[in-house]
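Have a look at the structure below before the remarks.
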Amino acid sequence: MRNSQVSQSGYLTRFYLRRDWLPIGLWLLGIVGLMGAAAGKFDGIYGTQSALASIVTTLKSPAMVSLFGPFIAKAPYTPAAVYAAEMMVFMGLIVAMMAIYFAVRNTRTEEDNGIL
């Protein structure tokens with residue numbers, strides 16, 4: 001016997017994906033493009049060992065640990081490790097903004113228009 005609370009979740013997921021496929025695709029394209037562009041810049045910014053050493057020292061400072069969390073990468077450091085440490089917070093914020101956009105669009109907007 002299927003649980004009645006989740007029995008129609010597949011139907012609802014397909015419905016919302018069919019309805020919002022374009023905005024979801026545009027958001028995902030923007031997020032992937034932003035991540036790719038930032039990754040391309042990180043190699044140029046932190047391409048030397050002295051630049052990596054200075055940013056690792058900065059990322060291990062108490063202020064940066066409170067902002068980004070602990071820097072747990074092990075030596076030898078690479079631009080990819082620095083990218084992962086710095087961009088995780090920013091991409092999380094962008095994904096949170098996307099979720100808020102869709103929540104407001106699919107609930108509040110429908111209430112204001114009299115659909116729901």
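The values are calculated or read from the model by the stated rules, or taken from the named source; none is laboratory data. Not measured: the values here are computed from a predicted model. Please note: Cβ atoms are built from the backbone with ideal geometry, for glycine as well, and neighbour counts cover all protein chains shown. Protein only, heavy atoms only, side chains kept; ligands, DNA and RNA dropped before computing areas. Shrake-Rupley method; radii C 1.70, N 1.55, O 1.52, S 1.80 Å.
Quick look at the values:
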| read-out | value |
| --- | --- |
| A99 farther than 26 Å from D20 by Cβ, aliphatic (A, V, I, L, M) and surrounded by fewer than 15 Cβ atoms within 10 Å (Cβ to Cβ) | no |
| Candidates Q8, Q49, filtered to the one that is of a type in the set (S, T, N, Q) and surrounded by 11 or more Cβ atoms within 10 Å (Cβ to Cβ) | Q8 |
| Subset of segment 52-66 (residues that are surrounded by 13 or more Cβ atoms within 10 Å (Cβ to Cβ) and over 14 Å from E86 (Cβ atoms)) | A53 |
| Candidates G69, G25, filtered to the one that is surrounded by 10 or more Cβ atoms within 10 Å (Cβ to Cβ), within 28 Å of F102 (Cβ to Cβ) and at pLDDT 90 or above | G25 |
| So Y16, is it within 30 Å of E110 (Cα to Cα) and at pLDDT below 90 | yes |
| Criterion violated by V89 - all others in (1) modelled with pLDDT of 90 or more; (2) within 24 Å of L26 (Cβ to Cβ); (3) of a type in the set (A, V, I, L, M) satisfied | (1) |
| Count of segment 28-46 residues which are more than 19 Å from the chain's Cα centre (by Cα) and surrounded by 12 or more Cβ atoms within 10 Å (Cβ to Cβ) | 3 |
| Count of segment 83-96 residues which are open to solvent by less than 70 Å² (accessible area, probe 1.4 Å) and touching a residue at least 12 places away in the same chain (Cβ under 8 Å) | 8 |
